1. Applying the selection to the range 74-102, what residues are among the hydrophobic types (A, V, I, L, M, F, W, C), within 22 Å of T6 (Cα to Cα) and either more than 9 Å from ligand 1 (Cβ to nearest atom) or outside any helix (DSSP H, G or I) (or both)?
2. Quickly run through the range 107-121 and pick out the residues that are outside any strand (DSSP E or B), farther than 11 Å from E41 by Cβ and away from ligand 2 (no atom under 16 Å from the Cβ).
3. How many residues does the range 25-38 hold that are outside any strand (DSSP E or B) and either open to solvent by less than 40 Å² (accessible area, probe 1.4 Å) or away from ligand 2 (no atom under 15 Å from the Cβ) (or both)?
4. Could you identify the single residue in E66, E41, E22, E104 that is open to solvent by 40 Å² or more (accessible area, probe 1.4 Å), in contact with a strand residue (DSSP E or B) (Cβ under 8 Å, 6 or more places away or on another chain) and more than 16 Å from ligand 2 (Cβ to nearest atom)?
5. Considering the range 52-63 alone, what residues qualify as being open to solvent by 40 Å² or more (accessible area, probe 1.4 Å) and over 13 Å from the mean Cα position of the chain (by Cα)?
6. How many of the residues making up the range 82-94 are open to solvent by less than 20 Å² (accessible area, probe 1.4 Å) and either over 9 Å from the mean Cα position of the chain (by Cα) or among the hydroxyl-bearing types (S, T, Y) (or both)?
7. Looking at P82, P77, which is the one that is free of Cβ contacts under 8 Å to residues at least 12 places away in the same chain and farther than 22 Å from A103 by Cβ?
8. State all residues of the range 5-19 that are within 15 Å of ligand 1 (Cβ to nearest atom) and open to solvent by less than 40 Å² (accessible area, probe 1.4 Å); if no residue qualifies, say none.
Amino acid sequence: MRARLTKEFRFEAAHTLPSLPEGHKCRQMHGHSFKIEISVEGEVDESIGWIYDHKKISDAMRPLLEQLDHGYLNDIPGLESPTIERMAAWFWRKLEADLPGLAEIVIFETPTARCSFKGEF
Ligand SMILES: Nc1nc2c(c(=O)[nH]1)N=C([C@H](O)[C@H](O)COP(=O)(O)OP(=O)(O)OP(=O)(O)O)CN2
Ligand SMILES: [Zn+2]
């Protein structure tokens with residue numbers, strides 16, 4: 001049996017989008033309450049009943065959230081122009097070695113705007 005396992009996290013951070021045209025509101029520093037969903041897919045170990053312990057996802061995310069939460073995203077290497085598309089790719093590169101079966105990352109910038117990424121670079 002195959003399944004998809006998803007864990008959700010939240011963090012607050014500030015950013016600017018310096019590549020946008022002069023006058024665009026997102027060139028000004030502002031913040032978001034980000035939500036991010038990390039999904040892995042794989043075979044369910046029938047002896048236990050799970051793909052793997054979702055604590056493994058939490059453990060992989062912990063240092064990344066510590067780095068980002070209440071921070072200024074543009075100061076973080078790889079996030080100099082932090083759109084949600086680039087943030088999703090940044091998380092993917094940081095997580096893929098630790099999370100077998102990493103399948104999708106969905107990052108919400110606002111309640112109505114999100115980016116989903118499946119590792120297609
Ligand atoms: N493709 C993307 N578009 C935008 C991104 C992004 O990362 N990828 N980011 C932004 C800004 O970060 C902006 O701060 C988002 O806030 P806002 O435009 O206010 O978002 P809303 O959902 O509130 O927009 P409304 O259309 O006013 O509802 C912008 N675009
Ligand atoms: Zn923004």
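1. A88, A89, W90, F91, W92, L95, A97, L99, L102
2. Taking the range 107-121 and keeping what is outside any strand (DSSP E or B), we get 111-112, 118-121.
Adding the requirement that they be farther than 11 Å from E41 by Cβ leaves 111-112, 119-121.
Passing the criteria: G119, E120, F121.
3. Let us first name the residues in the range 25-38 that are outside any strand (DSSP E or B), namely 25-29.
Filter once more, so that each one left must be either open to solvent by less than 40 Å² (accessible area, probe 1.4 Å) or away from ligand 2 (no atom under 15 Å from the Cβ) (or both): 26.
Going through the range 25-38 one residue at a time, the tally reaches 1.
4. Numbers: E66 fails: in contact with a strand residue (DSSP E or B) (Cβ under 8 Å, 6 or more places away or on another chain); E22 fails: in contact with a strand residue (DSSP E or B) (Cβ under 8 Å, 6 or more places away or on another chain); E104 fails: open to solvent by 40 Å² or more (accessible area, probe 1.4 Å).
Among E66, E41, E22, E104, only E41 is open to solvent by 40 Å² or more (accessible area, probe 1.4 Å), in contact with a strand residue (DSSP E or B) (Cβ under 8 Å, 6 or more places away or on another chain) and more than 16 Å from ligand 2 (Cβ to nearest atom).
5. Just the residues of the range 52-63 that are open to solvent by 40 Å² or more (accessible area, probe 1.4 Å), to begin with: 53-56, 59, 62-63.
D53, H54, K55, K56, D59 - these are the residues of the range 52-63 that are open to solvent by 40 Å² or more (accessible area, probe 1.4 Å) and over 13 Å from the mean Cα position of the chain (by Cα).
6. Number satisfying all stated conditions: 1.
7. Numbers: P82 fails: free of Cβ contacts under 8 Å to residues at least 12 places away in the same chain.
When all the criteria are applied, what remains is P77.
8. Of all residues in the range 5-19, those within 15 Å of ligand 1 (Cβ to nearest atom) come to 11-19.
If the condition is that a residue be within 15 Å of ligand 1 (Cβ to nearest atom) and open to solvent by less than 40 Å² (accessible area, probe 1.4 Å), then F11, A13, A14, H15, T16, L17 are the ones that fit.
The values are calculated or read from the model by the stated rules, or taken from the named source; none is laboratory data. Here the structure is a predicted model, which is why all the values come from computation and not from measurement. Backbone-built Cβ (ideal geometry, glycine too); neighbour counts: all protein chains shown. Accessible surface is based on the protein model in full, side chains and every heavy atom, while ligands, DNA and RNA are left aside. Shrake-Rupley method; radii C 1.70, N 1.55, O 1.52, S 1.80 Å.
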